[in-house]
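Each remark here refers to the structure printed beneath this line.
The values are calculated or read from the model by the stated rules, or taken from the named source; none is laboratory data. Note that the coordinates shown come from a computational prediction; the quantities given were computed from them, not determined experimentally. Backbone-built Cβ (ideal geometry, glycine too); neighbour counts: all protein chains shown. Quick note on the areas: whole protein, heavy atoms, side chains included, nothing else; ligands and nucleic acids left out. Shrake-Rupley method; radii C 1.70, N 1.55, O 1.52, S 1.80 Å.
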Amino acid sequence: MRTMVLLFFMLLAVYESAQQQTLEDKVQNLVDLTSRQSIVKFNMDKWKTLVRMQPRNYSMIVMFTALSPGVQCPICKPAYDEFMIVANSHRYTSSEGDRRKVFFGIVDYEDAPQIFQQMNLNTAPILYHFGPKLGAKKRPEQMDFQRQGFDADAIGRFVADQTEVHVRVIRPPNYTAPVVIALFVALLLGMLYMKRNSLDFLFNRTVWGFVCLAITFIFMSGQMWNHIRGPPFMITNPNTKEPSFIHGSTQFQLIAETYIVGLLYALIAIGFICVNEAADQSNSKDRKNAGKKLNPLSLLNIPTNTLAIAGLVCICVFFSFLLSVFRSKYRGYPYSFLFA
Amino acid sequence: MTSTTAARTASSRVGATTLLTIVVLALAWFVGFASRLFAIVRFESIIHEFDPWFNYRATHHMVQHGFYKFLNWFDERAWYPLGRIVGGTVYPGLMVTSGLIHWILDSLNFHVHIREVCVFLAPTFSGLTAIATYLLTKELWSPGAGLFAACFIAISPGYTSRSVAGSYDNEGIAIFALQFTYYLWVKSLKTGSIMWASLCALSYFYMVSAWGGYVFIINLIPLHALALIIMGRYSSRLFVSYTSFYCLATILSMQVPFVGFQPVRTSEHMPAFGVFGLLQIVALMHYARNRITRQQFMTLFVGGLTILGALSVVVYFALVWGGYVAPFSGRFYSLWDTGYAKIHIPIIASVSEHQPTTWVSFFFDLHITAAVFPVGLWYCIKKVNDERVFIILYAVSAVYFAGVMVRLMLTLTPAVCVLAGIGFSYTFEKYLKDEETKERSSSQSGTTKDEKLYDKAAKNVKSRNANDGDESGVSSNVRTIISIILVIFLLMFVVHATYVTSNAYSHPSVVLQSSTNNGDRIIMDDFREAYHWLRENTADDARVMSWWDYGYQIAGMANRTTLVDNNTWNNSHIALVGKAMSSNESAAYEIMTELDVDYILVIFGGVIGYSGDDINKFLWMVRIAQGEHPKDIREENYFTSTGEYSTGAGASETMLNCLMYKMSYYRFGETRVGYNQAGGFDRTRGYVIGKKDITLEYIEEAYTTENWLVRIYKRKKLPNRPTVKSEEATIPIKGKKATQGKNKKGVIRPAPTASKA
């Protein structure tokens, strides 16, 4: 009996010391693990000792994900990349003390499906924060990807909210855009160099005219709004299954309708130019030879009357169409032309 | 003898043209003025909206106390307890202009109140804008096009939106200054005279003193100069006009206190300086080219340019890095990187006029001119010359900016009017000309054509058959039809502009208007009712807390001290008010005590269905508060469990207990709209509110206007003992409570009430 008690006390002491050691050991272990890689890859063992077992004085930010190509998870990869950015920033920019307070880890479904079962998880990716005081059975704090998104800044904010450790997110610069632009510029310059004997097209006013007009049509049809707000291309009515290209409110627009509007503006402008060209042609017939080269319309040799009438019809029809599109959005607008 | 008659007819024709021009411009002025008076005819002569109230208050102050007192004015009634230096933080051009007009009228013994001057300033300046546009277009194209452009700008809704009577804002006079500066710039470029360039700089000075949009000018003119250099259109005229303009303009613009040293210290102004330097180099090279050999010239050109370019870039970045030159400001970035503002500066993103522009507002503001202005642009490019490069650059850059921000539609409108004027006048010039002079030339051309195109006889015959009635291409019938239809389009524009001005842009927003079922107009004057109540019933130094939108109006109409206002210069102060609004009552009470708040004012539209109320703006308050106090305010706490923003049945606990909710819906549950509707039906949101039995503990209702639009609450003074429920306060209370062991917190019992047994 006495020996039993002694043994028991001894065991207890050993356990205590082991446990005492474990905390320091655990932290040291984690620091070692994260010295080479900025995140810890968990298997069942590490998971149990490092995350779920007390005592802990550090926070674990763990992402549950499924990265193997067998599992169909298209957003796991981008989420993982963003998570890596935060973890790397933490590793390189946070202070020594902060790095001992927060660790980043990952559980891949392929490595440790048991952990998924243990946590009762069916979906991925999920980001959990296991606070230092969190018991073994408690539910950890989850980050809401739906609302906050999963980009690195949002994750950083989540970490700061939960642990008071502010990670300065440093995104490795994305070289794609500059490279693409540089390539494009190089291509352009190369083409210019190749064609250096005939740089006439730079002085071609028609080309410049088309470029400027294209810019105005793009912006006037609200493409900038599309770019910023990202509306759907078109909407299908859930009841009638009828697709609608034009949204019925002035505050919103669909991509389809902006294309329609841009096209209408362009057609009206073309109609107007046709009308003017008709007059120009009739006025400058004596300068026909010179005019013929400049003017692509006169090459078609359309009779000026027809051209003028066609232009006029173009203006009238398309402007009234534009007005009716506008009326369908701006309820109660009283004026229309040709058709309602 | 014949020569004198010819001269006389010529001079009489000139006289007739001048008379016609003057008459047209005068009519444009009159029409522009008249069409902006809808608001006054319907309501009364009052100042509109928010910012104009501040401008009016500042003008009033200036007229009362003099210009120099105004420049040194420290306004202790705004941004309590910080105050605001007004003289150094406003563009004084507007106030000085109306003060000057007031002074002139006064000295002519024609006494009007300064308010009338302020109300009618913008419509008056719309006429001047029309004239400036005429002058600009005349320089760019022809006097005819100028008249078209003047008429367009006089009524164009894009410009009317900012210049109706009562809309006493910087933009009203700034567009005139903008157009006039452009006219003088084009003029000085054309003549190459220092006089015009100096006048241009003076006009630019006026623009700088009037509106922050002057940055657009100081970037557009250098861009024009740069484009001209690149196109090989450098001339000594450009050199003279640009250098004299730049030097004078920079010095003059630094005289405005608010601008100060910005022209030499911020990145927005650096391109102008860079072009100034470049122009010197180009001028030097033009000078050197004739004096040295080609070999030397190439060495000088390539070597010098590379070194200077690299050096200037290095120096620029060194200056930015060293803090001598400020980098580009956030507002500027948000124009290029369209996602910037949303992430970094919520206060900019929250303003509705900083949103991107839908195509509907383009069409709404420009109508037919939007469709025709590309035509004018096309012909300007086709027949390009030095000054037309300017309008091309102006149009293309302005259309980009207008796409990014709704309010910059204002800078696009003049360009559109000029180019649409050019487009229309180009067509009408062709289609309304006398037939006789052309018939002669066309018959000549017909014969020459016959001689030349002998091998295309068949086609020629056909075309001659087609033009049988009229040899000059387009037959006279077609001409007439086209002219008439184009005039119909112009009429439609006039009708549209009047409709838009009357229906969309003539609401003072201080007075609301709605109509009953049988078409009667109801005017709801709740705002002025509330402000008048504040003015009459509160202490002179009472502090009123409200969201910043109403700061200027409270200061202007109620003459009470406000905490935050529309001059959003201090984000953390605004965030504090936002935090007070979105905290629970106890926490809000702490903040309000710290800020010495006496009254709280909320706008509530649930009774009449007014959608611009504080509940709809509330999310922005939460966001801005969260930006500064992420510990205490969390946006997600204000959403329903499904992640929606709602004050109805599913609203979250935080939402139902926040100060804004309580103040908006206090006793609202007792109201009933119809027989069969439940009490507390919010007409703006369209549902019954989530919590009806709201009790207030630390504040009490002081006043609610007729239609419940404005609700004013009074912060209760501290009772005999503080009763802040510390466990409810989300602000951590400093200092440890000594509650352990025997030192239990002493509790003062309420004084025993004497009761007769």
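Rolling a 1.4 Å probe over the protein chains gives B:His269 an accessible area of about 10 Å².
Accessible area per residue for region B:554-622, computed on protein heavy atoms with a 1.4 Å probe, is 22 Å². Remark: mean inter-chain Cβ contacts per residue of B:492-499 equal 2, using a 10 Å Cβ-Cβ cutoff to other protein chain atoms. Kirkwood hydrodynamic radius (Cα pairs, Å) of chain B? For chain B, inverting the mean 1/r across all distinct Cα pairs yields 30.3 Å. Summed over the residues of region B:101-182 and divided among them, the accessible surface reaches 28 Å² per residue at a probe radius of 1.4 Å. Region A:156-171: which residues show an accessible-area loss of 50 Å² or more, assembly versus chain alone, 1.4 Å probe? Those are A:Asp161, which lose 50 Å² or more relative to the chain on its own.
Full-extension gain between A:Arg100 and A:Lys138, please, as 0.36 nm times their residue separation minus the C-alpha to C-alpha distance. Could the numbers behind the result be given before it?
Working: separation 38, 0.36 × 38 = 13.68 nm, distance 2.27 nm.
Gain on extension, A:Arg100 to A:Lys138, equals 11.4 nm.
Compactness of region B:601-699, taken as the C-alpha radius of gyration over 2.2 N^0.38 Å, stands at 1.07.
Going from the isolated chain to the complete set of protein chains, region A:211-250 loses at least 20 Å² of heavy-atom accessible area (1.4 Å probe) at A:Cys212, A:Leu213, A:Ile215, A:Thr216, A:Phe219, A:Met220, A:Met224, A:Trp225, A:Ile228, A:Arg229, A:Thr250. Do any GluC sites (Glu not before Pro) in region B:569-653 lie in a DSSP loop with no more than 14 other beta carbon atoms within 10 Å, and if so, which? Listed in order of number, the matching sites are B:Glu644. Can you tell me how region B:133-185 classifies by the Cα gyration tensor, rounded, prolate or oblate, using a/c under 1.5 as the rounded cut? Oblate, since a/c reaches 1.5 and b/c is not below a/b. Size estimate for region B:82-234 follows the Kirkwood approach: the inverse of mean 1/r over distinct Cα pairs works out to 16.8 Å. Whole-percent P(r), region A:190-262, all Cα pairs, 5 Å bins from 0: 3, 14, 16, 15, 11, 9, 9, 8, 6, 4, 2, 1, 0. Here region B:169-327 has an Rg and Dmax of 16.9, 58 Å, counting Cα atoms alone.
To two decimal places, what compactness ratio does region B:373-424 give when its Cα radius of gyration is scaled by 2.2 N^0.38 Å? Spell out each step's value before the answer.
Values: Rg = 10.6 Å, N = 52, 2.2 N^0.38 = 9.9 Å.
For region B:373-424, the normalised Cα radius of gyration comes out at 1.08.
Measuring only protein heavy atoms, the 1.4 Å probe finds B:Arg289 accessible over about 130 Å². Comparing each chain alone with all protein chains together (probe 1.4 Å, DNA, RNA and ligands left out), the residues of region B:402-421 losing at least 10 Å² of accessible area are B:Gly403, B:Val404. Every Cα-Cα pair of region A:85-132 was included, and the share exceeding 17 Å stands at 47 percent.
Using only the Cα atoms of region A:22-100, build the gyration tensor, take square roots of its eigenvalues as a ≥ b ≥ c, and label the shape rounded, prolate or oblate: rounded if a/c is under 1.5, else prolate if a/b is larger than b/c, else oblate. The shape class here is oblate. Take each peptide in A:42-55, B:612-625, count the other Cβ atoms within 10 Å of every residue, and average; sorted highest first, the result is B:612-625, A:42-55.
Considering helices alone, the calculated mean residue ellipticity of chain B at 222 nm is -19000 deg cm²/dmol, with DSSP H runs of length four and up weighted by -39500 (n - 2.57) and normalised per residue. In the context of the full set of protein chains, region B:273-333 has a per residue accessible area of 72 Å² (1.4 Å probe).
Mean per-residue shielding of peptide A:267-279 is 6, counting Cβ atoms of other chains within 10 Å of each Cβ. Buried surface for the A/B pair, taken as the accessible area of each chain alone minus that of the pair with a 1.4 Å probe, is close to 6100 Å² in total. Run through the DSSP bridge list for chain B and note the antiparallel percent, rounded to the nearest 5. Antiparallel: roughly 80 percent of the beta bridges in chain B. Our analysis of region B:523-715 gives Rg over Rh at 0.94, with the two radii drawn from alpha carbon positions and Rh computed by the Kirkwood formula. For a straight C-alpha distance cut-off of 18 angstrom, the aspartates and glutamates reachable from A:Lys46 (same-chain residues fewer than eight places away being disregarded) are A:Glu24, A:Asp25, A:Asp32, A:Asp108, A:Glu110, A:Asp111.
Can you give me the % of accessible surface on chain B that is carbon or sulfur? Probe 1.4 Å, all protein chains present, nothing else counted. Before the final figure, lay out each step's value.
Working: 20660 of 34330 Å².
In chain B, the share of accessible area belonging to carbon and sulfur is 60 percent.
Based on the Stokes-Einstein relation at 4 °C and a viscosity of 1.567 mPa s, and on the Kirkwood radius from alpha carbon pairs, region A:42-174 is assigned a translational diffusion coefficient of 86 µm²/s.
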